[in-house]
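Just below is one structure, and these are the notes that go with it.
The values are calculated or read from the model by the stated rules, or taken from the named source; none is laboratory data. Remember, it's a predicted structure, so these values are computed and weren't measured experimentally. Here Cβ is always computed from backbone atoms with ideal geometry, including for glycine, and neighbour counts include all displayed protein chains. Side chains are part of the model used for accessible areas, which takes the heavy atoms of the whole protein and leaves out ligands, DNA and RNA. Shrake-Rupley method; radii C 1.70, N 1.55, O 1.52, S 1.80 Å.
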Amino acid sequence: MSTLFQNATLIDEQGRLSPHTDLLVEGGLIARIGPHLPAEGARVIDCTGQFLTPGLCNLHAHTPMNIFKGIAEDVNIDDWFNRELWPYESKITDEDIYWGSKLAIAEMAQNGVTAFADHYFGGAMIAQAARECGLRADIAYTAFGFGGDAAAEIQATEDLMDACAGDPLVQVRFGPHSPYMCTPEVLIALVERARARGVGIHLHVSETAAQVAESREKYGRTPFAVVADCGGFTLPCIVAHALYIEEGDLPLLGEDTFVAACPKTYLKLGMGEGGLWRHWKNLRLATGTDGAASSATVNPLEQARLFALLGKWRDQAEDFALKDIWRLLFAGHQALGFHSGRLEEGWAADLNVWSLDDPATAPLYDPLAAILYSADPARAIRHTLVGGHFVKEDGRLAFDVEEILRESARCAAAIGRRGKGESKLFF
């Protein structure tokens, strides 16, 4: 069935407004855009006074970690990894991964996310959850390469790729954890397999000052230089965090290197300022959320808001302008290859309809300002579509949220009973 969104104000990925415009969805795509389009048997949704945008993108998430939300609070980043999360993760089950992913996907759908890039293990569970809820997922199967051998993790990644081949909602890439967890030999092996399969990679780089110092001591160069020497930036590459990126790292990045900023994690774990805010305009930057175990939410709008405010607070109020920050919300689509994130004919009908007629966003002088700095997307977004299908309609999600809450609570109770185990990892 086709759907006609009538008399909306369109706001494209660049922040350009087109008032009193119709948008017709057919066959999962944006079929026509213009004033006074004929309905021609389509379902008509009157968007008078409302705003239609592309769906939001979350370029770095660990969706299964929603099952650990709130389990490790008021600790520094070293203890968060070593004493809390990794010991709990050592006992995680496929059921935890599945329901944690569903919980995250439900939260993202509430917040207008239509596509996300995930980095975790148990990728088949994440793929199943994404399919069932109707969101697009780019899944990087996390690889550590323990003992210098990533063969088993490479095989698991390729098995998942084969299982998801041709899936319009799910695609798979290689996921080396980081240049501090993976040896250069492991990184090279993963990059070579990614190149052979025609896919990209997704990894964590330069998250902390200590990582950069340790990399210089061990390899004589920064983590970015290590990844570059292994060929990582010659492929499509999603870099998580890059909080401590340096000026000398910038020329190493490829044309298809995107950086996902997740400032709420940096604040919550006391990770410091780094160089990200100094160099952000020289990066293909987008918003991520990290995992809810560190960020507490999976809301890219909140992350964009924090990124802008942290940039402004050092007497830079005129910088980090509305349209620049607006673009962060949609830039991640360019890294994922779903042909989404634009309001153009022939592009995927991955859309949000916003109602800003609310005390939180009134009076309305500038819809970009209202959305970026005032709106609660879970409340303001009335409809969300992915490939023309409603995943949120009239403010309600199109799948069984009560079941997700019930099963997630059951898994969380079991995690509490099992307690912590022994982790092979050390941050």
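Quick notes
- Segment 210-343 - accessible surface per residue (Å², probe 1.4 Å): 39 Å²
- Answer label for semi-axes √(5λ) of the Cα gyration tensor in Å (calculated), chosen among (1) 38, 26, 21; (2) 34, 24, 21; (3) 27, 26, 23: (2)
- Taking every protein chain into account, the accessible area of segment 1-123 amounts to 35 square angstrom per residue (probe 1.4 Å).
- Taking the C-alpha atoms only, the angle from helix 123-133 to the longest principal axis of the chain is near 10 degrees.
- Distance from the C-alpha centroid of segment 381-427 to that of segment 94-151: 11 Å, rounded to the whole angstrom.
- Net charge contributed by nearby residues that have their C-beta within less than 11 Å of Cys262 (K/R +1, D/E -1): -1
- The angle between the Cα long axis of helix 94-110 and the longest principal axis of the Cα atoms of the chain comes to about 40 degrees, rounded to the nearest 10.
- Applying 1/(1 + (r/R0)^6) with R0 = 45 Å to the Cβ-Cβ distance of Asp315 and His339 gives a FRET efficiency near 0.65.
- Surface composition of segment 6-141: carbon plus sulfur atoms contribute 47% of the solvent-accessible area (1.4 Å probe, protein chains only, all chains present).
- Shape of segment 208-355, Cα gyration tensor, a/c cut at 1.5: oblate
- Helix 401-418 axis versus longest C-alpha principal axis of the chain: approximately 20°, rounded to the nearest ten.
- Cleavage-rule hits, trypsin sites (Lys or Arg not before Pro), segment 282-354, DSSP coil, Cβ neighbours within 10 Å at most 13: Arg314
- For Lys420, the solvent-accessible surface computed with a 1.4 Å probe is close to 90 Å², ligands and nucleic acids excluded.
- Over all other residues within a Cβ to Cβ distance under 9 Å of Lys312, the charged ones net out to -2, with Lys and Arg as +1 and Asp and Glu as -1.
- Taking every DSSP beta bridge that has both ends in the chain, the antiparallel portion is near 40%.
- Take each peptide in 136-143, 175-182, 90-97, count the other Cβ atoms within 10 Å of every residue, and average; sorted highest first, the result is 136-143, 175-182, 90-97.
- Segment 153-208 versus segment 1-39: alpha-carbon centroid distance in Å: 37 Å
- Per-residue extension of 0.36 nm, minus the Cα-Cα distance of Leu267 and Asp74, leaves a gain of 68.4 nm for this segment.
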